[in-house]
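I have placed the structure first, in the form of structure tokens, so that the comments after it can refer back to it.
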Amino acid sequence: MIKDNRQIILTGDRPTGRLHLGHYVGSLKRRVELQNSGKFDEIYILIADDQALTDNADNPGKIRDNIVNVLLDYLSVGLDPDKVTFCIQSSLPALHALTFYYMNLVTTARLSRNPTVKAEIAMRGFADEGLPAGFFTYPVSQAADITAFDANIVPVGEDQLPMIEQTREIVEKFNRIYGETLVLPKAVIPENETQRRLPGVDGKAKMSKSLGNCIYLSDTAKTVKKQVNGKMFTDPQHLRIEDPGHIEGNVVFTYLDAFCRDEHFAEYLPDYQNLDEMKEHYMRGGLGDGTCKKFLINILEETLAPIRASRAQWEKDIDSVYDIALAGSAKAREVTNETLARVQRAMRINYFEDRLIIKDWEKLLKEQR
Ligand code: TRP
């Protein structure tokens, strides 16, 4: 009973902060390409506010505030509400119902093995404080997100692979028990290693607000410059320009790997034809960090300036942003309600869908007599 071969994308973000360059190279850029490829029947982007609440129950205001930030980030990178449906998780009650059914198809032992959740539990100190059951089970709710839209493609960052794996297990188990009902999804992650995990400007593995090592899509040009010139980790052994430098672990070069194209040299640094030549000079000695950083700032600005300008436009029109989220959520509500009905039918718990069950009950009562 699965619908034909439609190509459906679902992906999403927790609205816990403004989106940064890590989000951009790791997923937003890809989403815009997918949107413009014309190859997909539907693309849904879910603002996962309920999932965000699983570790922010004491601070719903933060989630509420960041819904608009994330919407603005989406719109300003070029995601187009005519091609993509933006929706808000908490306004899709079918997701909650699906989560509750899927919970029965997952063991707590399996949930405990999810490597991403394990790492997050350690990071948030839940091991000592106590682990909220909602947080522990959020991979199940993510399976509900994905399956509710019949998504077959889920473009995500590498850290989300365990969620898609768990979703696939749930789908397989559901279909085995109740008959072919749910679509088996596939994760799509960025091909390029540096795009999968852009480090913070300080070289720490992850960009995080509390570490102050992010470059946000909404940062001013001045802030971007300050983050690169003031905080970006290079090579501590590269003291004088003529000293040989190291590329490995040098964040300026990691970012260049993610953002730089050959054309950028003709435009901003004509001494070199390409990044390999530049790296060679740096390793040989004679190329200073200042020059490299200036080049990187120019390249980052090429990406960030149009995003910033677009955001400024959308910020003046918050009514439209609201209407986009409202219309997208209404459409998503219909789609997810249909899936819930299909699931309940498959489980034969669709008691009030028709009056056929009365016949079954009558038959049963006769047999019991
Ligand atoms: N867990 C994802 C994150 O932390 C957000 C998310 C929620 C999501 N539901 C999803 C991603 C469904 C892909 C598909 O970024």
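Averaged per residue, what accessible surface does the chain expose to a 1.4 Å probe, in Å²? Write out the running numbers ahead of the final one.
Numbers: 18760 Å² over 369 residues.
Per residue, the chain has 51 Å² of solvent-accessible surface.
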Fraction of antiparallel bridges per DSSP, the chain only, in percent to nearest 5
5 percent
Using the Karplus equation 6.51 cos²θ - 1.76 cosθ + 1.60 (θ = phi - 60°), what ³J(HN,Hα) coupling, rounded to whole Hz, does each residue of the range 344-354 give in order, writing x for Gly and Pro?
5, 5, 4, 7, 6, 10, 8, 3, 9, 6, 8
Gap separating the Cα centres of the range 33-105 and the range 295-369, nearest whole Å
9 Å
Let me check against my output: what whole-number percent is the relative contact order of the chain, with C-alpha pairs under 8 Å and at least 6 apart?
21 percent
Rounded tilt (10° steps) of 115-124 against the dominant C-alpha axis of the chain
70 degrees
Counting helices only, and only those DSSP H runs with n ≥ 4, report the 222 nm mean residue ellipticity of the chain as the sum of -39,500 (n - 2.57) divided by its residues, in deg cm²/dmol to the nearest 500.
-16000 deg cm²/dmol
Residue of ASN59, ASN298, ASN152 that the Gaussian network model of the chain assigns the largest fluctuation, springs spanning Cα pairs under 10 Å:
ASN59
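With a ≥ b ≥ c the root eigenvalues of the C-alpha gyration tensor of the range 1-83, is it rounded (a/c under 1.5), prolate (a/b larger than b/c) or oblate?
oblate
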Proximal lysines relative to LYS204, as straight alpha-carbon distance under 25 Å, when same-chain residues fewer than 8 apart are discounted:
LYS29, LYS62, LYS118, LYS222, LYS225, LYS226, LYS231, LYS279, LYS293, LYS294
Can you pull the percent of the chain's accessible area that's carbon plus sulfur, 1.4 Å probe, other chains left in place?
52 percent
So, in nm, how far is label ALA109 from label LEU364 when the simple model puts each one 7 Å beyond its Cα toward the Cβ?
3.3 nm
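The values are calculated or read from the model by the stated rules, or taken from the named source; none is laboratory data. Just so it is clear, the model here is predicted, and its values are computed rather than measured. As a convention, Cβ positions derive from the backbone with ideal geometry for all residues, glycine included, and neighbour counts pool all protein chains shown. With ligands, DNA and RNA removed, areas are computed over all heavy atoms of the protein, side chains included. Shrake-Rupley method; radii C 1.70, N 1.55, O 1.52, S 1.80 Å.
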